[in-house]
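Okay, structure first, notes after.
The values are calculated or read from the model by the stated rules, or taken from the named source; none is laboratory data. Computed from a predicted model, the values in this text were never measured in an experiment. Cβ placement follows ideal geometry from the backbone for every residue including glycine, while neighbour counts extend to all protein chains displayed. Only protein heavy atoms, including side chains, enter the accessible area calculation; ligands, DNA and RNA are left aside. Shrake-Rupley method; radii C 1.70, N 1.55, O 1.52, S 1.80 Å.
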Amino acid sequence: MSNSLFAPSKRKRDWKLVGGVAAGILVMGALGSGCHATTTGGSTTGASGNAKTGGKSKTVPRFVGMGLQAAQNAAQKQGFYSLTSHDSLGRDRHQILDRDWKVCSQNVKAGTTVSTDKRLDFGAVKVDETCPAKDQSAPTAAGKTMPDFKGKAVNTARHALPSSTSITVKDASGKGRYVLLESNWQVCSQKPPAGTRLSGQPVQFSAVKFGESCP
């Protein structure tokens, strides 16, 4: 029996080829249309093409003296949703449970009228701590010389030094305690001393807990 009985004609093969190509084009077109990014939400745009924030003008209340959580709730009631907070003592602690903190300062003075898009920043301390007369800041990044870290939180001193610096911290009280939560410890002494040129040498801190006196 000849194999030619089972071989499709050239015309049939051509039509199958054309049909396959057409189907492929349709599938690719559908996939291509599905790959286009769709943008939704975001700021609105006016006739001039400039983006509008949509913020309203509101008078900023006095938040100082309030619990941090209560202050945030009050701010949101007034339409302020861009909120942040920081450690007023300059120890760079995170306000994990806002009810445990109270507001010492606010970046926008009470009674000022601003857009509700304005970010409000609350300086805070823990509820059992005393607010400082003025917000304290963490040390800035060290330059070419060793800064004076005495009285600063150990964690902020560490962050101010290059990340490659080898740092050891010891309990200055002589009790041999481990310095675990460095934001709770203050620097009493340092090696090398302030003003020394930094050239990659190891750094040593002696420290005690905040509320304790350095020896």
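In the stretch 122-169, which residues are open to solvent by 60 Å² or more (accessible area, probe 1.4 Å), free of Cβ contacts under 8 Å to residues at least 40 places away in the same chain and part of a loop (DSSP other than H, G, I, E, B)?
Asp128, Thr130, Ala133, Lys134, Thr140, Ala141, Pro162, Ser163, Ser164, Ser166
Checking the condition assigned to a helix (DSSP H, G or I), in contact with a strand residue (DSSP E or B) (Cβ under 7 Å, 6 or more places away or on another chain), at pLDDT 95 or above and farther than 30 Å from Val187 by Cβ, which residue from Gln76, Gln72 passes?
The unique qualifying residue is Gln72.
Given the conditions (1) part of a loop (DSSP other than H, G, I, E, B); (2) surrounded by fewer than 20 Cβ atoms within 10 Å (Cβ to Cβ), which single one is not true for Arg91?
Condition not satisfied by Arg91: (2).
Identify, by number, the condition in (1) in contact (Cβ under 8 Å) with a residue 24 or more places away in the chain; (2) not in a strand (DSSP E or B) that Val114 doesn't meet.
In the conditions (1) in contact (Cβ under 8 Å) with a residue 24 or more places away in the chain; (2) not in a strand (DSSP E or B), Val114 misses (2) alone.
Can you give me the number of residues within the stretch 94-111 that are part of a strand (DSSP E or B) and in contact (Cβ under 8 Å) with a residue 40 or more places away in the chain?
4
Which count do you get for residues in the stretch 132-155 that are touching a Gly at 6+ places or on another chain (Cβ under 8 Å) and either hydrophobic (A, V, I, L, M, F, W, C) or under 26 Å from Gly65 (Cβ atoms) (or both)?
Counting residues in the stretch 132-155 that are touching a Gly at 6+ places or on another chain (Cβ under 8 Å) and either hydrophobic (A, V, I, L, M, F, W, C) or under 26 Å from Gly65 (Cβ atoms) (or both) gives 6.
In the stretch 170-198, what residues are aromatic (Phe, Trp, Tyr) and either closer than 14 Å to Glu212 by Cα or in contact (Cβ under 8 Å) with a residue 40 or more places away in the chain (or both)? Lay out the reasoning, then the answer.
Here is the first cut: in the stretch 170-198, the residues aromatic (Phe, Trp, Tyr) are 178, 185.
Matches in the stretch 170-198: Trp185 only.
Can you spot a residue in the stretch 195-203 that is open to solvent by less than 30 Å² (accessible area, probe 1.4 Å), closer than 30 Å to Met66 by Cα and either assigned to a loop (DSSP other than H, G, I, E, B) or among the β-branched types (Val, Ile, Thr) (or both)? Working first, answer last.
Residues of the stretch 195-203 open to solvent by less than 30 Å² (accessible area, probe 1.4 Å): 203.
Going one step further and asking which of them are closer than 30 Å to Met66 by Cα, we end up with none.
No, the conditions are met nowhere in the stretch 195-203.
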